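Novice: Once you've had a glance at the structure underneath, I'll fire off some questions.
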Amino acid sequence: MSALSYQPILPRPAPRHASGALAWLRSNLFSDVKTGLSTIILGGLLLWFIPPFLNWSLFNAVWTPDVQACRAVQESAACWGVIAEKYRLIIFGRYPFDQQWRPLIATVLMMLMLVASCIRVFWKPWLAGSWIAVLTVFFILMYGNSLGLAKVPTDSWGGLPLTILLATLSIVMAFPIALLVALGRRADLPAIRVFCSLYVELIRGVPLISVLFMASFMFPLFMPPGLTIDVLIRVLVGITLFNAAYLAEVVRGGLQAVPKGQIEAAATLGLSYWQIQRKIVLPQALAMVVPSIVNSIIATFKDTSLVSIVSLYELTGALDMAINADANWKPFKLQGYMFIAIIYFIFCFSMSRYSQWVERQVNKSKLR
Amino acid sequence: MSLKSAPKKKRWSWRSQAFRGLIYQIVAIGVIVLGVWFLASNTLTNMRVRGIQSGFDFLNQPAGFSIGESLFPFDSAESYWRAFWVGLANTLRVAVVGIILATLLGTVIGIGRFSRNALVRGLCSTYVECFRNIPVLLQLLMWYLLLTEMLPSIQNAWQAGPFFLSKGGFNYPIPIWQAGHAWALAGLVIGIALAWLYHGWARRQFEATGIIKSMFWVPLGVVLASALLAWLLGGAPSALDSPVKGEFSVENGGALTPEFLAMLLGLTIYTASFISEVVRSGIASVSRGQTEAAAALGLDPGLEIRLIVLPQALRVIIPPLTNQYLNLTKNSSLAVAIGYPDLISIANTAMNQTGRAVECIAIVMAVYLTISLLTSLLMNSYNKRVAIQER
Amino acid sequence: MNLKKLKAAAAVVATVGTLIAAPAQAGKTLDAVKAHGQVVCGVHTGLAGFSAADSAGKWAGLDVDICRAVAAAVLGNSEKVKYVPLTAQQRLTALQSGEIDLLSRNTTFTLTRDASLGLNDTVVTYYDGQGFIVPKRSKITSAKQLKNQTVCVQSGTTTEKNLTDYSKANNLNIKTVVFEKEEAATAAYFAGRCISYTTDASGLASIRNKVAPVPADHLILPELVSKEPLGPMVRRGDDEWFAIVKWVIYGLIEAEEYGITQAQVDQLKASSQNPAVKRILGSGDDTGKLLGLDKDWMSNALKATGNYGEIFERNVGPKSALGLPRGLNNQWNKGGLMYAYPLR
């Protein structure tokens, strides 16, 4: 047997530098033939379409509210002058022109409140009180009729304040209803379970627009003769009932995910049904479904655009009203649509980013 | 020491949970019945005082309005009943086609988000974020505006052979029905039966010998060949009703109106962005170990997706997918804003002409409830069949 | 859980509930108007010449002036009106439900609306007809040339039905594209989606002047395919309010017949010797008392808006933006159909 001899092998070359922009490009865009080919084709298409689009929308566009200039470049450039001319009508609707500082302040306050409610630093007991205060100030500013402010009836409210008001109020009012309905669906009492299930399945099976039609055409018939309800309240009730059904399903999913052992342990400790729900079940359940709840809020915000079909002039309806009646600016309606699309996008995108942040926070407790 | 017997639980005491439950339920039922009765009596009173007539008898009266587009011919002298059916057919038409297209587009984009190509990933993410965050009504209005403003007028319609595209819509030739087409249909049915038999035979071969037979292309070929053969046997009828550009409109042929196209585009693109998220979360839920094990076993990517990833992913995908299908169907009710004559638009017209608001809204809600229930049932049964159940 | 007990309990509650009857009372509109201190008037969302709000929120138009006349007659002040803009779909249910007291929104009087919707037609304030508008480049000069064409129309109006009837009667096979909102319908027409748009001829004039990009490019076809008597409507079940609205309008028309203009009301009230004029203005018999109003009901109305002719001239007449001729809306003794019942 020959002795094993040690055969040194040449050292291999050091690994290729795998970081940096070039390496990223190589691994992500040109890793193999097929990928490289698709990058080239897609990149080519993008390069072909994007510069003309940028030219149309930004570089050659008209930014001043000048009808002649806009008409002159109509075929080749966007006319953002229509926004410069009509933005007050679009954002504030039919609110009297000289009083528009009121909805401006009210909206800014409400948005500040919403942002503050999202930041952990502000999650203190006085948050609920300040919410009530801000809502009261909002209504006083918008409606007036006191403190020396002129009265502005609710059918003149419109635009962005109306959108935010409808979305916020309907979520705030729908949440307690949703909690009760979700608990009711899981209750032991068959009558309550049946009613809650019927309510949820009925509302979830029909489109929001039919609920809005019902609210605006049929609610007046439901009331005793002589009693009329404001159209804003009718629509608000309709949207609230609609949202409550969807939120109830979301909360029910969370309730189902709470282990049964929790409830049994709480029962052995002698807690009553409501104490168990309040202290043990709901905190765990709601924490699990916060992303879905934020999704519901985003959906509600988008659904407020439907009230323009029952003639409440929120953002989409205010745009129609602002531009349709004015023959000068009518050809530039597309730019108007893009403007409010950007507004909606900013709101909804921020909310979805926030929901991802919340999900990460909640999952922190699960990381070992 | 004698054991005292447990105190008798009084059946009707407040301490008994069963009794309390009964009282709560009686109170709840009482409140709800009272509420419903209050609303109903107010409605009846209001209708009587104002002389508004009620009842469903108006459904048999002639409608008196015509409908812009419908699957089957509708004349204004026909009853409201038939008008509602036309509306329902229009709703289902846009919903079914929309569901199919949205699923395809959504799946492609959902899978695209896992691509190795960063450009593809970025484009798919941009698409999803862009179309998810804008309300669907706004998207429908924008598409309709684009279609009516950007497309050329009928005099200058874009033409490609017998196809026309203009502000009046998309016109295409349709075959004129003759006996030979019935032959072709019969051949199609026979082809499907033959393909089914082949499917069973190929599966048995696979289980016996392990040799994989083509499960898609051969059956498809069989179906098409059988239909073609039958069509030839039936006399090969090929007469087409082609659209002809008239003075102000394109006549003859089949047409897809701009309203239908706008609805389809808007709903498909909006729902596809949600479906892609659902598909993405489904595929992401399958653990990496599964794909690695499949690779270790030597399965090629096609088989791996079909046999390993998809069945596990479908379990997570199908319930939210059902939700998206229902959302698409319900969003089709927004057709009333752009002039597509769907069920709600026709109910609206009927409501205005007859004044029977309660009845029309009740019909609409009942129809949508039925559609939702049927879709849920269908998807639930598909779910049970296809997705694997754990022990 | 004992379901049987539950069912029994439910049955008991239901029976008890149905035994309690709800009291029913028809609302008295005049009392409500006086209590609220304003007339709630349903108007168009924006139809130039009939009811439209300018950017400062001030309403003007023929229908608006009728509302103001009624408010002046009932409450003494023509500014005490709350205007509720309504779409075509909402207008009838808003009136039925009691949300508004008076619907002054160029609404056609038809049998269906009178008989089956619980509404009452008062007096025709504008005799109109339905017409078509086409672009001049289409070279269409008659409605009969619309064979197989697409026409845009708004839902919820008599227009849709009339279009179908006309199409059937003349074998035109017109394809309708129906929109919920009038703005969407006119936008589709001006974009070129349809070759024509149809509504009342007065509405066509208003749209051509205010909404068309180039008004001269459009032609209103000469055919009027239907009779559209437009006027205010009220709810059934309140004959008192019905009489008030009816006679205010007749008063406005009769005032033109007797030459009472807005500027001359006070002077004629003091000095006129014509018994008919004195009755209208309240210096003769007290006709207001019979209606539940005060003596100066008609003179208040006339001071606020002027007589029917002045209202017409100001809003839709030949010198206004719409430029519509008096035509059928002239006095009966001048070749038109406006025939006021005598206020006596």
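Novice: Which of the residues belonging to the range A:322-337 are more than 8 Å from every other protein chain (Cβ to nearest Cβ) and outside any loop (DSSP other than H, G, I, E, B)? Steps first, please.
Specialist: Taking the range A:322-337 and keeping what is more than 8 Å from every other protein chain (Cβ to nearest Cβ), we get A:322-323, A:326, A:328-329, A:332, A:335-336.
Selection gives A:ALA322, A:ILE323, A:PHE332, A:GLN335, A:GLY336.
Novice: Would you pick out the residues in the range A:277-286 that are more than 14 Å from A:ARG186 (Cα to Cα) and either surrounded by 14 or more Cβ atoms within 10 Å (Cβ to Cβ) or touching a Lys or Arg at 6+ places or on another chain (Cβ under 9 Å) (or both)?
Specialist: A:ILE280, A:GLN284, A:LEU286
Novice: Got at least one residue in the range B:169-192 being free of Cβ contacts under 8 Å to residues at least 40 places away in the same chain, assigned to a helix (DSSP H, G or I), crowded, with 16+ Cβ neighbours inside 10 Å and more than 14 Å from chain A (Cβ to nearest Cβ)?
Specialist: Yes; the residues of the range B:169-192 include at least one that is free of Cβ contacts under 8 Å to residues at least 40 places away in the same chain, assigned to a helix (DSSP H, G or I), crowded, with 16+ Cβ neighbours inside 10 Å and more than 14 Å from chain A (Cβ to nearest Cβ).
Novice: Can you pull out every residue in the range C:284-298 that is in contact (Cβ under 8 Å) with a residue 60 or more places away in the chain, surrounded by fewer than 18 Cβ atoms within 10 Å (Cβ to Cβ) and either on the phi < 0 side of the Ramachandran plot or aliphatic (A, V, I, L, M) (or both)?
Specialist: C:ASP294
Novice: In the range A:311-329, which residues are surrounded by 19 or more Cβ atoms within 10 Å (Cβ to Cβ) and farther than 16 Å from C:GLY46 by Cα?
Specialist: A:GLU314, A:LEU315, A:THR316, A:TRP329
Novice: Return the residues of the range B:50-77 that are more than 31 Å from the chain's Cα centre (by Cα) and buried (at least 19 other Cβ atoms within 10 Å of the Cβ); say none if nothing qualifies.
Specialist: Selection gives B:ARG50, B:ILE52.
Novice: Can you say whether A:ARG94 is in a loop (DSSP other than H, G, I, E, B) and touching a residue at least 40 places away in the same chain (Cβ under 8 Å), as far as the supplied structure shows?
Specialist: yes
Novice: Test A:LEU271 against the stated conditions and say whether it is part of a helix (DSSP H, G or I) and of a type outside the set (Val, Ile, Thr).
Specialist: no
One line per residue, one yes/no per condition, for (1) loosely packed, with under 12 Cβ neighbours inside 10 Å; (2) within 30 Å of A:ILE164 (Cβ to Cβ); (3) in the same structural domain as A:MET142 (by TED's automatic domain parsing); (4) in contact with a Pro (Cβ under 6 Å, 6 or more places away or on another chain):
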position: A:SER38; (1), (2), (3), (4): no, no, no, no
position: A:LEU46; (1), (2), (3), (4): no, no, no, no
position: A:PRO51; (1), (2), (3), (4): yes, no, no, no
position: A:ASN60; (1), (2), (3), (4): no, no, no, no
position: A:ASP66; (1), (2), (3), (4): no, no, no, no
position: A:ARG88; (1), (2), (3), (4): no, yes, no, no
position: A:SER117; (1), (2), (3), (4): no, yes, yes, no
position: A:GLY129; (1), (2), (3), (4): yes, yes, yes, no
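Novice: Say we look at the range A:187-204 and pick out the residues that are in a loop (DSSP other than H, G, I, E, B) and either of a type in the set (Asp, Glu) or in contact with a Phe, Trp or Tyr (Cβ under 7 Å, 6 or more places away or on another chain) (or both); which of these is farthest from the other protein chains (Cβ to nearest Cβ)?
Specialist: A:ASP188
Novice: Step by step: first the residues of the range B:340-386, then only those that are more than 26 Å from B:LEU264 (Cβ to Cβ) and more than 10 Å from every other protein chain (Cβ to nearest Cβ), then the one that is modelled with the lowest pLDDT. Which residue is that?
Specialist: B:VAL386
Novice: Okay, moving on. Would you confirm whether any residue within the range B:76-90 is farther than 24 Å from A:ALA215 by Cα, touching a residue at least 60 places away in the same chain (Cβ under 8 Å) and facing another protein chain (nearest Cβ under 8 Å)?
Specialist: no
Novice: Also, quick follow-up: Output yes when any residue across the range A:279-287 is part of a helix (DSSP H, G or I), aliphatic (A, V, I, L, M) and facing another protein chain (nearest Cβ under 9 Å), and no when none is.
Specialist: No, the conditions are met nowhere in the range A:279-287.
Novice: While we're on this one: Are there any pairs, at least 6 apart or on different chains, whose C-beta atoms fall under 6 Å, with the first in the range C:172-190 and more than 14 Å from chain A (Cβ to nearest Cβ) and surrounded by fewer than 23 Cβ atoms within 10 Å (Cβ to Cβ) and the second part of a helix (DSSP H, G or I) and among the aromatic types (Phe, Trp, Tyr), and if so, which?
Specialist: none
Novice: Check whether at least one residue in the range C:113-121 is farther than 21 Å from A:ASP155 by Cβ, surrounded by fewer than 22 Cβ atoms within 10 Å (Cβ to Cβ) and touching a Leu at 6+ places or on another chain (Cβ under 8 Å), and report yes or no.
Specialist: Checked the range C:113-121: at least one residue is farther than 21 Å from A:ASP155 by Cβ, surrounded by fewer than 22 Cβ atoms within 10 Å (Cβ to Cβ) and touching a Leu at 6+ places or on another chain (Cβ under 8 Å).
Novice: Shifting gears a bit: So is C:ASN148 touching a residue at least 24 places away in the same chain (Cβ under 8 Å), among the polar types (S, T, N, Q) and either within 14 Å of chain A (Cβ to nearest Cβ) or crowded, with 21+ Cβ neighbours inside 10 Å (or both) or not?
Specialist: Judged against the criteria, C:ASN148 is not a match.
The values are calculated or read from the model by the stated rules, or taken from the named source; none is laboratory data. The model shown is predicted, which means the values in this text are computed figures rather than measured ones. Here Cβ is always computed from backbone atoms with ideal geometry, including for glycine, and neighbour counts include all displayed protein chains.
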